[in-house]
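Peer 1: Right, I'll just put the structure down here and ask away after.
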Amino acid sequence: MGKVIVVTSGKGGVGKTTTSAAFAAGLALRGHKTVVIDFDVGLRNLDLVMGCERRVVFDFINVINGDANLNQALIRDKRIDNLYIFPTSQTRDKDALKREGVERVMTELKKDFEYIVCDSPAGIEHGALTALYHADAAIIVTNPEVSSVRDSDRIIGLLASKSRRAEKREKPVEEHLLLTRYSPERVQRGEMLSVEDVREILSVPLLGIIPESETVLKASNTGMPVILDAQSPAGRAYDDAVARFAGEQREMRFALPERRGFLRGWFGRAAS
Amino acid sequence: MTVMMASRVQGGIFTLMVVRIGDPYDPTLNRELEEQVARSPGFFAEAPVVLDLKDCLGCTAVADFTALKQLLSRHRLIPVGVQNASTLQMRAAKAVDLAPFNGAQSHARRAAVEPAPPAVERAPRAPAEPRVAAASRPRLVTQPVRSGTQIYVRGGDLIVVAPVSAGAELIADGHIHVYGTLRGRAIAGAAGDRDARIFAHRFEPELVSVAGRYLVSDAIEPEHLNREAQVALIDDRLTILPGWSRS
């Protein structure tokens with residue numbers, strides 16, 4: 001039975017789609033059969049970030065409406081075995097995410113895949129709620145600034161009250177905090193919230209810190225998940241985060257500015 | 001925001017003494033009162049009392065109540081009302097500004113007759129307290145209270161052993177305890193209980209309110225923030241007390 005991971009944030013523009021692409025790619029690279037679904041109906045982006053926009057024939061909404069079957073809509077990634085992309089419709093809107101249809105698709109995907117990564121739209125309306133409803137685990141993508149932290153807090157509240165697990169009074173959705181666009185230099189200058197500030201406010205276990213990096217923009221423009229760029233700090237940071245998600249212990253990097261080796265003990269604490 | 005605009009008229013629960021009146025002109029009444037008051041003068045000084053007329057056949061004239069009021073005031077007692085009065089008695093009592101009280105009949109018997117225990121009985125004011133809810137079980141919350149969440153405890157206390165986020169709202173008719181950081185709103189005494197308090201292990205609220213009086217975070221002195229604090233209504237002012245002080 002596959003595990004459903006929702007990548008969510010409340011706020012827009014914090015890095016949900018980048019994270020969904022990187023996470024799905026990272027899980028597939030580790031040998032897990034993975035599909036990544038775009039829930040952002042009407043604002044289709046995942047296909048671009050995954051570099052498969054010219055191969056989309058059928059989409060999520062076609063499958064929900066029974067116009068196509070899953071195998072017709074799933075796009076197999078050319079670079080990574082075990083990785084499939086499930087694009088959404090650009091012409092429809094969130095109301096097309098009908099509850100029964102989504103439920104049927106998720107049930108079917110869970111039979112075939114180990115991991116189902118759901119790229120949630122921003123907001124707390126129908127689209128975002130549908131994306132988080134089926135979640136077994138949630139990756140809460142947060143930027144180190146107050147409005148993003150508050151929106152994340154709201155989404156965590158919705159995970160605890162509006163998810164299927166909450167409705168059926170099952171074990172709560174597993175929560176993971178992913179801090180993206182983090183700049184230790186700006187934290188030192190007092191322009192950004194620190195890792196500790198964000199953890200203190202959200203009280204959710206920290207899965208990783210993704211440093212602010214130019215390679216993220218470049219990767220999404222060229223349609224390559226940033227995790228495939230093993231040289232870039234952001235790529236390495238995503239690789240760490242996926243490893244931790246899989247249960248590995250990894251040192252928390254990128255929390256402090258470069259070349260501050262004498263504070264290594266602090267890194268360890270941030271990872272705990 | 002109805003909570004913020006609590007009415008000027010609010011309910012309250014008071015403990016009153018009941019003095020049972022047989023014959024208002026019976027000299028033993030004077031003697032008994034004297035003995036009782038002498039036993040604990042501080043307790044009876046200026047105490048409001050309710051006259052129980054259950055066993056009183058007289059007291060139908062205004063003059064009777066005037067005499068009773070004079071007698072009681074000699075012992076520094078202030079009559080505020082009557083209970084178990086007949087229609088005629090009630091009419092006379094009203095003429096000297098004594099209010100009708102209901103309830104507590106069954107307990108009122110021993111007052112003023114038996115020398116000990118003191119003639120103190122509870123006479124809860126049944127009328128005119130619609131906004132005071134009955135006590136109920138406190139509610140315990142162990143998970144973080146997230147932004148956008150509202151928790152309301154009707155008629156009881158709210159205890160949170162987790163952080164309360166900015167944008168979350170805690171409302172209780174009783175006290176609110178937060179054994180974590182309070183960053184959201186806390187509204188205690190929502191039904192008008194002026195004795196309700198807010199306690200926070202770490203105090204960084206957006207807004208606090210007790211019985212309709214409120215303070216926004218802008219109006220809170222910075223010295224109270226980021227530490228333990230309690231909020232109470234003292235002399236009609238919403239006051240922040242540092243730590244767990246008792247005043």
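Just so you know, all these numbers are worked out from the coordinates, no wet-lab data involved. All values derive from a computational prediction rather than experimental measurement. Note that we place each Cβ from the backbone using ideal geometry, even for glycine, and neighbour counts take in every protein chain shown.
Peer 1: Which longest uninterrupted range of chain A lacks any trypsin sites (Lys or Arg not before Pro) assigned by DSSP to a loop state (not H, G, I, E or B) and surrounded by at most 12 other Cβ atoms within 10 Å?
Peer 2: It works out to A:79-167.
Peer 1: Further question on the same structure: What net charge do the residues around A:Ser232 carry, taking every other residue with its C-beta under 15 Å from that of A:Ser232, with Lys and Arg at +1 and Asp and Glu at -1?
Peer 2: It works out to a net charge of -2.
Peer 1: Classify region B:138-242 as rounded, prolate or oblate from the Cα gyration tensor: take a ≥ b ≥ c as the square roots of its eigenvalues, call it rounded if a/c is under 1.5, otherwise prolate when a/b beats b/c and oblate if not.
Peer 2: Taking the square roots of the gyration eigenvalues as a ≥ b ≥ c, region B:138-242 is oblate.
Peer 1: Right, another one. Can you return the aspartates and glutamates within cross-link range of A:Lys33? Criterion is Cα-Cα under 12 Å, with same-chain partners fewer than 8 residues away left out.
Peer 2: A:Asp77, A:Asp81, A:Asp112, A:Glu114
Peer 1: Using the count of nearby Cβ atoms within 10 Å as a rough guide to exposure, how do B:Phe203, A:Phe245 rank from fewest to most?
Peer 2: Sorted ascending by nearby Cβ count, the order is A:Phe245, B:Phe203.
Peer 1: Based on the alpha-carbon set only, what is the convex hull volume of chain A divided per residue, in Å³?
Peer 2: With only Cα atoms used, chain A gives 119 Å³ per residue.
Peer 1: Check which residues have an amide H placed less than 5 Å from B:Val153's amide H, if you skip close sequence neighbours.
Peer 2: Correct list: B:Ile171, B:Ala172, B:Asp173.
Peer 1: Give the lysines whose C-alpha is closer than 16 Å to that of B:Lys69, dropping any in the same chain fewer than 8 places away, or say none.
Peer 2: B:Lys94
Peer 1: Return the loop-located GluC sites (Glu not before Pro) in region A:196-253 (DSSP other than H, G, I, E, B) with at most 15 other Cβ atoms within 10 Å of their own Cβ; answer none if there are none.
Peer 2: A:Glu248, A:Glu251
Peer 1: If you don't mind, another one. Return the subset of A:Lys78/A:Lys162; A:Lys168/A:Lys218; A:Lys111/A:Lys162 for which the Cα-Cα distance in this structure is over 31 Å, preserving the input order.
Peer 2: Violating the 31 Å Cα-Cα cut-off are A:Lys78/A:Lys162; A:Lys168/A:Lys218.
Peer 1: Let me test this: with uniform point scatterers at the alpha carbons of the protein assembly as shown, what is the Debye-based log₁₀ I(q)/I(0) at q = 0.07, 0.08, 0.09 1/Å?
Peer 2: -0.57, -0.66, -0.74
Peer 1: Here's something else I'd like to know. Whole-Hz Karplus ³J(HN,Hα) for region A:85-97, in order, using 6.51 cos²θ - 1.76 cosθ + 1.60 and θ = phi - 60°, x for Gly and Pro?
Peer 2: With coefficients 6.51, -1.76 and 1.60, one gets 10, 10, x, 10, 8, 9, 9, 9, 10, 4, 4, 6, 7 Hz.
Peer 1: What is the order of A:Ser9, A:Ser148, fewest Cβ neighbours within 10 Å to most?
Peer 2: Result, fewest neighbours first: A:Ser148, A:Ser9.
Peer 1: Okay, next question. Once amide H atoms are placed 1.01 Å from N in the peptide plane, what residues at a sequence separation of 5 or more from B:Val178, or on another chain, have their amide H within under 5 Å of its amide H?
Peer 2: B:Val160, B:Phe199, B:Ala200, B:His201
Peer 1: Taking chain A as a Gaussian network, where each spring joins two C-alpha atoms under 10 Å apart, which residue of A:Ile155, A:Ile201, A:Ile61 fluctuates the most?
Peer 2: Among A:Ile155, A:Ile201, A:Ile61, the largest GNM mean-square fluctuation belongs to A:Ile201.
Peer 1: Run the paramagnetic zone check for B:Gln150: 7 angstrom along Cα to Cβ, then residues of region B:187-229 with backbone nitrogen under 20 Å.
Peer 2: B:187-193, B:205-217
Peer 1: Next question, about the same structure. Could you go through region B:211-224 in sequence order and give the Karplus-derived ³J(HN,Hα) for each residue, using 6.51 cos²θ - 1.76 cosθ + 1.60 with θ = phi - 60°, rounded to whole Hz, and x for Gly and Pro?
Peer 2: Result, ordered by residue: 6, x, 7, 9, 10, 8, 4, 4, 8, 9, 4, x, 5, 7 Hz.
Peer 1: Between the alpha-carbon centers of region B:204-220 and region B:152-194, tell me the distance in whole angstrom.
Peer 2: 12
Peer 1: Right, another one. Just for chain A, what percent of DSSP beta bridges are antiparallel, to the closest 5?
Peer 2: So the antiparallel bridges amount to about 5 percent of the total.
Peer 1: Mind checking which aspartates and glutamates have their C-alpha under 15 Å from A:Lys171, skipping anything on the same chain fewer than 8 residues away?
Peer 2: Cross-link targets: A:Asp136.
Peer 1: Taking only DSSP H segments of four or more residues, each worth -39500 (n - 2.57), what value at 222 nm results for chain A once the sum is divided by all its residues, to the nearest 500 deg cm²/dmol?
Peer 2: -11500 deg cm²/dmol
Peer 1: Taking amide hydrogens as modeled 1.01 Å from N in the peptide plane, which residues meet the under 5 Å criterion relative to B:Leu51, leaving out close sequence neighbours?
Peer 2: For B:Leu51, the qualifying residues are B:Val19, B:Val80, B:Gly81, B:Val82, B:Gln83.
Peer 1: So, one more: Can you work out ³J(HN,Hα) from phi for every residue in region A:167-175, in order, using Karplus 6.51 cos²θ - 1.76 cosθ + 1.60 and θ = phi - 60°, giving whole Hz and x for Gly and Pro?
Peer 2: Karplus-based 3J(HN,Hα) across region A:167-175 equals 4, 8, 6, 8, 3, x, 4, 5, 10 Hz.
Peer 1: Here is a follow-up. With Cβ to Cβ distances under 12 Å as the rule, what net charge do the other residues near A:Arg186 carry (K, R +1; D, E -1)?
Peer 2: Around A:Arg186, the surrounding residues sum to -2.
Peer 1: What would the Debye equation give as log₁₀ I(q)/I(0) for region B:17-103 at q = 0.18, 0.19 Å⁻¹, counting only Cα atoms as equal point scatterers?
Peer 2: -0.70, -0.78
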